[in-house]
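Heads up, the thing below is written out as structure tokens.
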Amino acid sequence: MNVNDQMQREIVRGIRQFVEREVLPVAARLEHADEYPHALVDQMRDLGLFGCNVPTKYDGLGLDTITFALVIEELARGWMSLVGPLGTHSVICDIIHRFGTEPQRQKYLPDLASGVRRGGLALSESDAGTDVQRIRTTAARTDGGYLIRGSKMWITNGRHGNTFVLAAKTDPQADPPHTGISAFIIEKGAPGFTVGREIDKLGYRGVETCELHFDDFFVPEANLIGGVGGRGFKQIMAGLESERLNVAARGVGLARAAFEDAIRYSQERHTFGKPICQHQTIQNKLADMATRIEAARLLVRSAAEKKDRGERCDLEAGMAKLFATETAQEVVLEALRIHGGAGYAKDLNVERYYRDAPLLIIGGGTNELQRLIIAKGLLERFAV
């Protein structure tokens with residue numbers, strides 16, 4: 001759905017009010033306790049946010065990519081972990097909508113949009129993160145479907161989610177390896193699917209990140225995405241293009257939170273007889289921070305516009321993800337420096353931003369990988 005400017009402003013204003021009223025007062029307590037934000041997630045469900053990128057045909061909000069990115073930015077400004085239950089959920093909605101059969105769309109998308117189903121992406125493994133085609137989880141044919149064997153890790157929504165898109169090798173001998181990967185829609189409840197330990201993380205706390213284990217877990221043939229095997233790698237990579245825009249928008253939101261705290265503190269803190277914002281060194285920092293945030297937001301918008309036009313945007317999404325997340329890392333560090341010793345204490349939010357920022361440069365495809373994607377795209381575009 002194309003959202004006009006007024007509607008977009010109203011949507012963003014509503015999310016900002018939700019963040020100000022409901023999220024900011026409790027985020028620090030929940031984060032330090034590493035407590036799952038059940039009440040906030042329920043409110044996000046009631047706002048329809050789990051259906052942001054699900055078409056209205058399937059009972060979703062059907063937001064365009066630009067508006068969805070602005071929603072993510074506002075949520076991340078309040079508490080980056082709050083985007084976790086929504087982030088990979090939106091990725092599997094995108095994959096099912098783009099590549100699923102019509103019966104798969106009709107069965108899963110309405111419940112995903114309503115939040116009855118909470119989604120996650122079962123992709124990464126202990127030896128296969130950036131190098132996805134090296135996954136070891138297998139899907140062996142059996143009567144009426146497949147038996148899944150293997151383990152996944154770093155799964156957001158692993159404990160509280162109930163519906164996942166899983167990547168597995170249906171042809172372990174395929175060459176190149178990615179041609180032997182298929183994608184499945186899987187659900188909790190049947191024997192052979194267990195949730196393992198929750199990974200204790202530096203930041204991004206309050207949202208669970210789990211290991212999943214599969215021991216002859218049966219998946220019906222009807223749950224093979226698109227009904228054809230061997231296409232899972234391309235399907236999931238296309239979904240991760242959306243995730244990169246999602247992660248880039250989180251970077252903008254986190255950087256905004258750090259900048260807003262820093263510029264407010266710089267007007268309250270006095271040294272040598274005047275507010276520190278009147279010192280040229282601090283002014284230089286604030287100017288650079290604000291400029292990078294604005295540039296990051298425009299990169300996200302540029303990539304989102306291409307996606308909304310139906311154009312290939314892997315190059316632009318990679319640029320947005322790279323720049324926005326590096327910006328978040330740099331802006332958060334500068335915010336901590338502006339706060340001085342106070343920023344190192346857990347009394348203020350800046351120390352949380354400092355722990356959250358590194359995930360963005362690693363998650364959604366490391367920034368080293370983004371540089372390779374960008375370079376490949378540039379060489380294709382400017383081929384001699």
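A count restricted to the range 238-282 and to residues that are of a type in the set (V, I, T), farther than 25 Å from G365 by Cα and touching a helix residue (DSSP H, G or I) at 6+ places or on another chain (Cβ under 6 Å) stands at 3. If you go through the range 38-76, how many residues are within 17 Å of L245 (Cβ to Cβ) and polar (S, T, N, Q)? Residues in the range 38-76 being within 17 Å of L245 (Cβ to Cβ) and polar (S, T, N, Q): 3 in total.
Does the range 287-306 hold any residues that are under 15 Å from A258 (Cα atoms), out of contact with any helix residue (DSSP H, G or I) (no Cβ under 8 Å at 6 or more places or on another chain) and not acidic (D, E), and which are they? Once the filter is applied, which keeps residues that are under 15 Å from A258 (Cα atoms), out of contact with any helix residue (DSSP H, G or I) (no Cβ under 8 Å at 6 or more places or on another chain) and not acidic (D, E), the range 287-306 yields A287, T291. For the residues L348, L322, L372, L336, the requirement of being within 16 Å of the chain's Cα centre (by Cα) and outside the structural domain of S81 (by TED's automatic domain parsing) singles out L322.
Quick grid of which residues meet (1) assigned by TED's automatic domain parsing to the domain that holds T366; (2) touching a strand residue (DSSP E or B) at 6+ places or on another chain (Cβ under 7 Å); (3) closer than 30 Å to L299 by Cβ:
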| residue | (1), (2), (3) |
| --- | --- |
| L202 | no, no, yes |
| T209 | no, yes, yes |
| L212 | no, yes, no |
| R244 | yes, no, yes |
| G251 | yes, no, yes |
| F259 | yes, no, yes |
| A262 | yes, no, yes |
| S266 | yes, yes, yes |
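For the range 330-384, filtering for residues that are buried (at least 20 other Cβ atoms within 10 Å of the Cβ) and either in contact with a Cys (Cβ under 6 Å, 6 or more places away or on another chain) or basic (K, R) (or both) leaves 1.
Out of (1) aliphatic (A, V, I, L, M); (2) assigned to a strand (DSSP E or B); (3) under 30 Å from L30 (Cα atoms), what's the single condition that is false for V207? The one condition V207 does not meet is (2).
Examine the range 34-43 for a residue that is more than 19 Å from N162 (Cβ to Cβ), surrounded by fewer than 22 Cβ atoms within 10 Å (Cβ to Cβ), modelled with pLDDT of 95 or more and hydroxyl-bearing (S, T, Y), and state whether such a residue exists. No, the range 34-43 has no match at all. Taken over the range 169-192, the criterion of being crowded, with 21+ Cβ neighbours inside 10 Å and assigned to a strand (DSSP E or B) is satisfied by K169, I181, S182, A183, F184, I185, I186. Across the range 11-48, the qualifying residues are those that are in a loop (DSSP other than H, G, I, E, B) and not acidic (D, E), and the one among them that is farthest from the chain's Cα centre (by Cα) is P25. In summary, E243 fulfils each of the numbered conditions (1) in a strand (DSSP E or B); (2) within 26 Å of the chain's Cα centre (by Cα); (3) not hydroxyl-bearing (S, T, Y) with the single exception of condition (1). Taking each residue of the range 267-278 that is touching a residue at least 40 places away in the same chain (Cβ under 8 Å) and looking for partners that are among the aromatic types (F, W, Y) with beta-carbon atoms closer than 9 Å, six or more apart or interchain, yields I276/Y265. For the range 193-235, the set of residues classified as under 24 Å from T142 (Cα atoms), in contact with a helix residue (DSSP H, G or I) (Cβ under 8 Å, 6 or more places away or on another chain) and buried (at least 20 other Cβ atoms within 10 Å of the Cβ) consists of N223, I225, G232, F233, Q235, listed by residue number.
The values are calculated or read from the model by the stated rules, or taken from the named source; none is laboratory data. No experiment lies behind these values; they were computed from the predicted model shown. Ideal geometry is used to build each Cβ from the backbone, glycine not excepted, and the neighbour counts take in all protein chains shown.
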